[in-house]
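Here is the structure we will look at.
Derivation of every value follows stated rules applied to the coordinates shown; laboratory data play no part. This one's a predicted model, so the numbers in the text were calculated from it and none came from an experiment. In this analysis, Cβ positions are derived from the backbone assuming ideal geometry, glycine residues included, and neighbour counts consider all displayed protein chains.
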Amino acid sequence: MTAYQGGKKRIGNKIYNVICLVENNLCEEKLPYFEPFVGMAGVLKYFAKDKNRSIFACDANIDLIMLWKKLQLDDKWKPPLTCSKKKYEMLKTSKKHSAERAFIGITASWGCIFFRNYRLHYNPKKKYLKEGWNGLVKIKPYIKHVKFLKAASYDNWSPENMLIYCDPPYKNNNLGTELFTKFDSELFWEKMRIWSKNNIVIISESSAPKDFKEIWRVKSSTTNAGKTKKYDDCLFVYKTIYKKICKSVKNKIKEI
């Protein structure tokens, strides 16, 4: 798996363990799992190893969903492992969506921020594209049974009786495409209140409205253009779900 803006490559396994603890406490059976902000599958890849669970994923980035479907359906496909700045700029401005455009837009960009700035010329010895491809090769065997839905905003869906993990663009995010910078956080939280009535919904953010309760927190950092930004990565659930989680499980979560 390659990195991605706001992705959970480093802490995905911990988040997976938290989600499983919550589910096991609240359900007798495994629920269908849904990620509406799948990104580069930093958390989903752990769920995907369970072939007996139904898994659904989507993202508003059209190219990204095309990349996942290409990996899933075309065993012979391989992206280019070299990319000139000229080609990078051509793909950046292209109106034609493709799996290749997703791969280059992420792996050839600083901070893996979709077409943020070309980075391949900075350190020629660093094989960014090869490293990105190697990561995808590792996850490829596990995603065969994942149902990648059409590229669409999270609010196009009305899930019921599902285990849902949301990793939306964080509030006041000022990097990346308009999918990140113009994300409506207030609308998102209102939607999460609705989803939480009929689903188990767990949300990544650094802060949340007062009616959402924090169940887990870890120190994180991101580096862009040589500058490191530190912040808290937290997991939240709606207050009605929080009340149902027993105290012993809450304590176990804090230890992860």
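Here are some notes:
- If you take the Cα centroid of the range 141-208 and the Cα centroid of the range 97-136, the two points sit 24 Å apart.
- If you plug the beta carbon distance of R10 and K86 into 1/(1 + (r/R0)^6) with R0 = 35 Å, you get a FRET efficiency near 0.60.
- Helix 62-73 and the longest principal axis of the C-alpha atoms of the chain enclose an angle of approximately 90°.
- Calculated SAXS-style log₁₀ I(q)/I(0) at q = 0.08, 0.17 Å⁻¹ - the chain, Debye, Cα scatterers: -0.31, -1.39
- Straight-distance crosslink candidates among aspartates and glutamates, where the alpha carbon sits under 18 Å from K85 and sequence neighbours closer than 8 are dropped: E100
- Cα→Cβ-extended label distance, 7 Å offset, between I194 and N173, nm: 2.1 nm
- FRET efficiency, 1/(1 + (r/R0)^6) with R0 35 Å, evaluated for K252 and L187 via beta carbons: 0.60
- Length gained when the stretch H121-V218 is fully extended (0.36 nm per residue, less Cα-Cα span): 31.6 nm
- Each stretch of four or more DSSP H residues adds -39500 (n - 2.57); spread over every residue of the chain, this sum gives -10000 deg cm²/dmol at 222 nm.
- Helix 185-195 axis, angle to the chain major axis (alpha carbon atoms, nearest 10°): 50 degrees
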